[in-house]
1. Please provide three numbers in whole Å: the alpha-carbon extents of region 233-320 along the principal axes, with the largest listed first.
2. State the answer as a single residue: which of 192, 204, 171 lies farthest towards the positive end of the charge dipole of region 151-219, with beta carbon charges of +1 for Lys and Arg and -1 for Asp and Glu, about the Cα centre.
3. Take the alpha-carbon centre of region 66-86, take the same for region 148-176, and report the distance between them in whole Å.
4. Could you look at region 156-281 and say what percent of its accessible area is carbon and sulfur, using a 1.4 Å probe and all protein chains?
5. Give me, ordered by chain and number, the residues 5 or more places off residue 64 or on other chains with an amide H under 5 Å from its own placed amide H.
Amino acid sequence: MAGAALAALAVGAVFWPRAEDGPEQVLAQGAGAATQTLPAATPSAKPRAITGNDAFDQAARLLELGVAGDLSVDANTRGALDVLLASLGNPPTAAELQGLEEALRRAMPGEAATQAMALVRRYAGYTSAAAADSAAQQAPTTLDELKTLLDKTIALRRKHFDAATAQALFGAEEALSRHALAVQAIEADPQLSYAEKTARIKTLREQLPPEAASQEAPETLATSEMADKINALRQQGATAAQIEQVRQRYLGTDAAQSLGEMEAERARWESRYQAFLQQKKALGATGASDMNAQVEALLRQHYSDEELLAARAYDRARHP
């Protein structure tokens, strides 16, 4: 059912990036698009390459300060941390870490920079551990497996961060994930009528904490039904126009058009990424000694200067 898929997507976004995710999902992961703060190209100016200290300075400016001048940690910080890690090698070298620390000290007061660097190191340790866990585990296929995975992920985060920091970085997403699982359990219950399911889901939504409710997609039984119909049409070889008609019937013309454009953009990004990945794998098979430099050159063949940070983060998340 589409409901199961939707729940899996909602929870899966917390643990690993999906094949259909675009760069904004990898960088933001439900925490407000950090990529929106990256400078965009202007028609009248030739884009300038972002390399070396430029990349560190640009990434460092994504972090925010609190009213007391210390580091402000909230849901948006996670996207900034992903971009900061993407500006480093995998794993980062001592020189890269030193360069990043210098950039942080240029961008913020001393104590805030110390806090930021410590957070970067903890976040790097967490993402490395999470990638290792993900590589050793099969993707969940049932509600129980999803719940177990969520519990394990939350425990891993509390191992790497204190409770307040973990809540600031991941709390809203974790609440949304539990909410998605609870919604799926309701949708899958054959003993409940449509009206009963709708009422229970409404009650669950009202119980979401404000920070999670503000990030929730307007998921309803109607959109689940729409997903089922679109999936069936695609399996039957439906045209784009036929799928668009279904979307318009459920979402309205403007929302359906926006969804179609978003899917098209994701498809274009993924096509470019797959072309890059194929070349990267071929390069890896050669055992090149300057692998990092050659991978960077490949990235620049497929992405503009303004897209590089997002592309690095996307590749890091897809293939740690």
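1. Principal extents (Cα only, largest first): 55, 30, 20 Å.
2. Value: 171.
3. When both Cα centres are located, 16 Å separates them.
4. Roughly 54 percent, rounded to a whole number.
5. 72
The values are calculated or read from the model by the stated rules, or taken from the named source; none is laboratory data. Values in this document were obtained by computation on a predicted structure and should not be read as measured data. We place every Cβ from the backbone using ideal geometry, glycine too, and count neighbours over all the protein chains shown. Accessible surface areas use protein heavy atoms only, side chains included; no ligands, DNA or RNA. Shrake-Rupley method; radii C 1.70, N 1.55, O 1.52, S 1.80 Å.
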